[in-house]
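Take a look at the structure set out below.
The values are calculated or read from the model by the stated rules, or taken from the named source; none is laboratory data. If you're wondering where the values come from, they're calculated on a predicted model, not measured in any experiment. Positions of Cβ are generated from backbone atoms using ideal geometry, with glycine treated the same way; all protein chains shown enter the neighbour counts. Protein only, heavy atoms only, side chains kept; ligands, DNA and RNA dropped before computing areas. Shrake-Rupley method; radii C 1.70, N 1.55, O 1.52, S 1.80 Å.
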Amino acid sequence: MKVKILRQKSPEDESYWEGFDYYGPSDHTIASVLDYINNDITYNDQGVKTRKIMWDCSCMQGVCGACAMVINETPRLACETFVDSIKGNEIIIRPLRKFPVICDLMVDRSIIHDNLKKNKVYIEEYNLKEAKRRKDREENFEHQYTVAKCLKCGLCLEVCPNYVDGKNYYGAQFANECYLVASRNQTKEKEIKKTYAQHFANNCSKSYSCMDVCPVNIPTLSSIGKLNK
């Protein structure tokens, strides 16, 4: 199978496409394909010696979100995308386009965490007595748990038609974090809802493509509904 990868040596360099031949099993993941190329191949499909492909990975179990990339025009995790799920005879891989490229398939997603810190969207001290006074406490537990599984992978931002560079509109990941904090910390609820409106609700066109690509299936629409009450 042919593998085509959009590469970039450094943030300052121009990107370029490079092809490789993959002869491994079809029941392996794209992460395994990248390992195969890096470990077993020193030449591209034109017979030219090349450098190893740079890409991020950690858990390889769909838990860390580090291996997020665009595979055949669909944002996915490389460790959870299998070769036999790819239609056609070519695998086309490019880095996420909504974040600055560091090298090859590695991108800088620090803007995600920076926006959360800048707007103080974190729980801080959790007051159990306060939580017990909340009328909606029990029915929200399941959704809170689901939202807390967010990988900060950036796939939802990659497909979002409204997200550009994270300077004003922060996307679905930010909305879910706002819900989580507002539902767990009553003293911050008013402040959080204000920043939620400014950096999400006032600019979301409600395409909900974010939910289609979320690797942990976070129901963002439910978070939006609860915050908009």
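Quick notes on this structure:
- Selection from the stretch 1-17 of residues that are surrounded by 18 or more Cβ atoms within 10 Å (Cβ to Cβ) and more than 22 Å from the chain's Cα centre (by Cα): Val3
- Residues that are more than 15 Å from Met54 (Cβ to Cβ) and assigned to a strand (DSSP E or B) within the stretch 4-23 comprise Lys4, Trp17, Gly19, Asp21, listed in sequence order.
- Being out of contact with any Gly (no Cβ under 8 Å at 6 or more places or on another chain), open to solvent by 80 Å² or more (accessible area, probe 1.4 Å), modelled with pLDDT under 85 and in a helix (DSSP H, G or I) is a description that applies to Lys129.
- If only residues of the stretch 208-218 that are at pLDDT 95 or above and not in a helix (DSSP H, G or I) are counted, the one that is most open to solvent (accessible area, probe 1.4 Å) is Asn217.
- Selected residue (criterion: farthest from Cys153 (Cα to Cα)) from residues of the stretch 65-85 that are in contact (Cβ under 8 Å) with a residue 40 or more places away in the chain and open to solvent by 20 Å² or more (accessible area, probe 1.4 Å): Asp84
- Selected residue (criterion: modelled with the highest pLDDT) from residues of the stretch 185-207 that are buried (at least 16 other Cβ atoms within 10 Å of the Cβ) and assigned to a loop (DSSP other than H, G, I, E, B): Cys204
- Filtered residues of the stretch 86-98 (kept if open to solvent by less than 60 Å² (accessible area, probe 1.4 Å) and at pLDDT 95 or above): Ile91, Ile92, Ile93, Arg94, Pro95, Leu96, Lys98
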